[in-house]
Amino acid sequence: GPVLGGVSLKYLGELAPGLLAGGLCAANWFFAFRRLPETLDPSIMAANRAQPPRRYDPLNTSSLAAALRHPYLWLLLAISFLQLTAFSSMEQVFSLFFKAHLNLDLADAGLKTGYALAFVGVLAGGLQGGLTRRLAPRLGERRMLLAGILVFAVTLFALPFGPTYGSYFLLLTPLAVGRSLIDPSLSSLISQASPAAEQGRTFGTFQGLNSLARVAGPAVGLWLFERQIQLPFLFGGALSAVVSVLCVWLWHRTKGRPGVDAVSPKAA
């Protein structure tokens with residue numbers, strides 16, 4: 001995605017990234033509609049259909065209320081919302097930051113941002129498929145989540161001070177490590193906290209809050225960037241530090257509770 005956006009901006013003009021994103025979204029919708037199978041158990045689907053129709057609730061307030069009554073699901077959703085707000089507040093100003101910090105024109109800044117963020121995505125994906133899968137049974141998702149948030153916070157504090165474009169590939173490596181620990185850990189913990197019949201609604205709430213974070217984060221990041229170009233990164237680091245405190249609170253609230261991690265590690 002970042003590479004396609006950067007290349008299309010560089011060689012096809014400022015409208016190209018938006019048009020390309022719209023076309024990919026349309027293709028994604030079409031293939032999901034035609035090819036994606038239903039994963040919910042038929043017996044659960046039948047039981048849901050037998051219930052009276054639910055009232056129109058675009059904000060999914062019933063699921064949010066249920067999460068607030070859960071011993072710790074609400075805390076997982078808060079952690080997810082805040083950490084994604086921290087990430088998106090930085091991510092969306094990266095090209096503008098490169099333009100100002102490295103004295104690039106808009107097209108070159110977009111292209112270099114695309115390569116840098118693609119590096120993060122490829123590295124994080126590779127780590128999730130290899131390292132993270134092996135660490136989960138040893139550490140448990142709660143420890144992985146806390147470690148990922150701490151690495152992520154420290155990296156965000158360092159990012160605005162890279163001296164050269166090449167140095168950002170070194171600085172972004174721990175960011176990728178942090179993301180590879182955070183994302184699968186949160187998804188697993190939320191799945192474990194949700195009853196089988198409610199997982200669809202819970203993940204709908206989870207994704208809805210993440211979408212709100214991707215609105216709030218860029219808005220805050222751009223507002224801060226106008227005041228000082230380093231502020232979005234420092235804000236993200238500070239917010240991630242707050243999230244790390246919430247992760248410690250999560251650990252204490254769930255200590256000794258069975259079934260919180262998908263595979264309980266020793267001495268958890």
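The values are calculated or read from the model by the stated rules, or taken from the named source; none is laboratory data. Worth saying up front: this structure is predicted, and the values here are computed from it rather than measured. Counting neighbours? That spans all protein chains shown, and the Cβs are built from the backbone with ideal geometry, glycine included. The protein model used for the area step is the full one, side chains on, heavy atoms only, and it has no ligands, DNA or RNA in it. Shrake-Rupley method; radii C 1.70, N 1.55, O 1.52, S 1.80 Å.
List of remarks:
- Any hit, the stretch 72-91, residues being more than 16 Å from ILE182 (Cβ to Cβ) and touching a Gly at 6+ places or on another chain (Cβ under 8 Å): no
- Filtered residues of the stretch 212-254 (kept if of a type in the set (S, T, N, Q) and either assigned to a helix (DSSP H, G or I) or out of contact with any helix residue (DSSP H, G or I) (no Cβ under 7 Å at 6 or more places or on another chain) (or both)): GLN228, SER240, SER244, THR254
- When the stretch 31-42 is limited to residues that are in a helix (DSSP H, G or I) and either of a type outside the set (A, V, I, L, M) or open to solvent by 90 Å² or more (accessible area, probe 1.4 Å) (or both), the one that is modelled with the lowest pLDDT turns out to be PRO42.
- Per the listing LEU231, LEU189, the residue uniquely open to solvent by 40 Å² or more (accessible area, probe 1.4 Å), hydrophobic (A, V, I, L, M, F, W, C) and closer than 28 Å to VAL122 by Cα is LEU231.
- Whenever a residue of the stretch 87-113 is open to solvent by less than 40 Å² (accessible area, probe 1.4 Å), its partners that are charged (D, E, K, R), lying with C-beta atoms within less than 6 angstrom and at least six residues away or across chains, give the pairs SER88/ARG214; PHE98/LYS112; ALA107/LYS10; ALA109/LYS99; LEU111/LYS10.
- Selection from the stretch 43-54 of residues that are assigned to a helix (DSSP H, G or I) and open to solvent by 100 Å² or more (accessible area, probe 1.4 Å): ARG49
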